[in-house]
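Taking it in order: structure first as structure tokens, then the write-up.
No lab work stands behind these numbers, since they all come straight from the coordinates. Note that the structure is predicted; figures quoted are calculated from it, not measured. For neighbour counting, all protein chains shown are included, and Cβ atoms are generated from backbone atoms with ideal geometry for every residue, glycine included.
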Amino acid sequence: MAKFIHEGDQKKKYVKQMFNDISSTYDIINIISSFGIDRYWRYKLVNKIKMTSGQKLLDVATGTGDVAFGFYKKYDIKVIGLDIAKKMISIARNKAKKYSKNIEFIVGDAEKLSFEKKSFDALTISFGFRNIGTYDKALSEFHRVLDNNGKIAILEFSKPTSKWFSPIFEFYFKKIIPLIGSILSRKDAYLYLPESVDYFLERKDVCDKMKKAGFSNVSYTDFTFGVVTLYTGEKVE
Ligand SMILES: C[S@@+](CC[C@H](N)C(=O)[O-])C[C@H]1O[C@@H](n2cnc3c(N)ncnc32)[C@H](O)[C@@H]1O
């Protein structure tokens with residue numbers, strides 16, 4: 001039985017408060033709990049979307065901004081990182097102090113973006129999609145703010161595909177990570193994490209929702225025995 005709410009506005013409220021509360025230890029727990037592999041997964045995302053000078057990218061659910069910084073450093077483009085949790089955004093803004101004004105972090109809701117239609121050439125979301133209250137609302141907003149031929153990339157946890165790796169991962173994800181979380185942060189946050197992956201959509205359902213929102217050329221690639229999946233698509237009008 002579920003301990004947490006996995007849909008709708010109550011989920012959104014819980015998630016927002018939780019990320020505000022865990023913001024100060026978010027980066028360090030990511031590195032410790034994934035042995036640094038989280039950086040490799042984000043690197044894969046940044047390398048998947050090719051940008052050219054003068055283009056604009058929106059990183060939704062940016063958290064402390066690592067994907068936004070990845071794109072900013074790789075390409076000469078304007079990058080906006082958006083997140084619902086104010087304290088995650090203030091950490092991203094602190095990290096951004098050493099860069100020029102071409103990278104910006106704002107507080108906002110993925111389900112109701114405050115941008116004109118066709119504002120961006122690419123939109124990314126890493127480990128954020130699963131946390132959104134209503135996936136269809138967010139996907140339709142992502143489609144709206146992307147320009148024609150705009151690219152979308154969603155990086156998200158999945159259920160591992162490897163039979164021998166699954167039980168090892170399950171033990172680590174459900175027992176060890178919550179233990180690390182309980183020592184360094186808000187314990188329920190790291191109990192919510194594995195449960196939210198259990199309650200998340202299957203790969204095919206993510207692709208179907210992306211297509212339903214209007215995206216074309218939707219496909220996905222798994223990494224690390226299927227622990228993480230990168231979904232990509234395009235707005236073709
Ligand atoms: C696991 S963190 C991922 C942060 C970052 N993208 C990364 O790769 O580390 C999930 C983020 O999603 C944000 N989030 C959840 N629901 C959101 C929503 N409706 N709109 C914007 N951000 C949201 C949370 O506040 C949190 O910072």
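Among Asp38, Asp76, Asp121, the order by Cβ neighbours within 10 angstrom, fewest to most, reads Asp76, Asp38, Asp121. Count neighbours as other Cβ atoms within 10 Å of each site's Cβ, and list the trypsin sites (Lys or Arg not before Pro) in region 155-237 that are DSSP loop with at most 12 such neighbours. Within region 155-237, the qualifying trypsin sites (Lys or Arg not before Pro) (loop, at most 12 other Cβ atoms within 10 Å) are Lys163. Only residues of region 3-36 count here: report those whose backbone N is under 20 Å from the spot 7 Å along Cα→Cβ of Lys97, or say none. The answer is 23-28, whose backbone nitrogens lie closer than 20 Å to the label point. Where in region 1-61 are there chymotrypsin sites (Phe, Trp or Tyr not before Pro) that are in a DSSP coil and have at most 11 other Cβ atoms within 10 angstrom of their Cβ? Passing both the DSSP loop test and the Cβ count: Phe35. For the chain, hydrophobic long helices are taken as DSSP H runs at least 20 Å long by C-alpha position along their axis with mean Kyte-Doolittle hydropathy of -1.0 or more; these are 8-34. Mean-square fluctuation check for the chain, GNM, Cα pairs under 10 Å: which of Ile22, Ile77, Ile183 is largest? Result for the chain, Cα springs under 10 Å: Ile183 fluctuates most. Placing unit charges on the Cβ atoms of the charged side chains and taking the dipole of the chain about its Cα centre, the candidate lying farthest along the positive direction among Ile91, Ile125, Ile37 is Ile91. Magnitude of the charge dipole for the chain, about its Cα centre and with charges confined to Cβ atoms of Lys, Arg (+1) and Asp, Glu (-1), is about 460 debye.
Peptides 138-144, 61-67, ordered by how many other C-beta atoms sit within 10 Å of their residues on average, highest first, read 61-67, 138-144.
Would you mind checking the pairs Lys16/Lys212; Lys97/Lys187; Lys12/Lys73; Lys44/Lys204; Lys56/Lys118; Lys86/Lys117 and listing those with alpha carbons more than 19 angstrom apart? With Cα atoms farther than 19 Å apart: Lys16/Lys212; Lys97/Lys187; Lys12/Lys73; Lys44/Lys204; Lys86/Lys117. Testing the spin-label approximation: label points 7 Å from Cα along Cα→Cβ at Ile32 and Glu7. State their distance in nm. For the pair Ile32/Glu7, the computed spacing is 3.5 nm.
Across region 8-234, C-alpha contacts under 8 Å between residues 6 or more apart give a mean separation that, scaled by the residue count, equals a relative contact order of 20 percent. Taking every DSSP bridge with both residues inside the chain, close to 40 percent are antiparallel.
Pairs of lysine in region 139-186 with Cα under 21 Å and at least 8 positions apart or on different chains: total? Total qualifying Lys-Lys pairs in region 139-186 comes to 4. Take the Cα of Ser219, go 7 Å toward its beta carbon, and the backbone nitrogen atoms of region 31-61 under 18 Å from that spot belong to 44-51. Across the alpha-carbon atoms of region 8-234, the computed radius of gyration and Dmax are 16.6, 47 angstrom.
Considering helices alone, the calculated mean residue ellipticity of the chain at 222 nm is -13500 deg cm²/dmol, with DSSP H runs of length four and up weighted by -39500 (n - 2.57) and normalised per residue.
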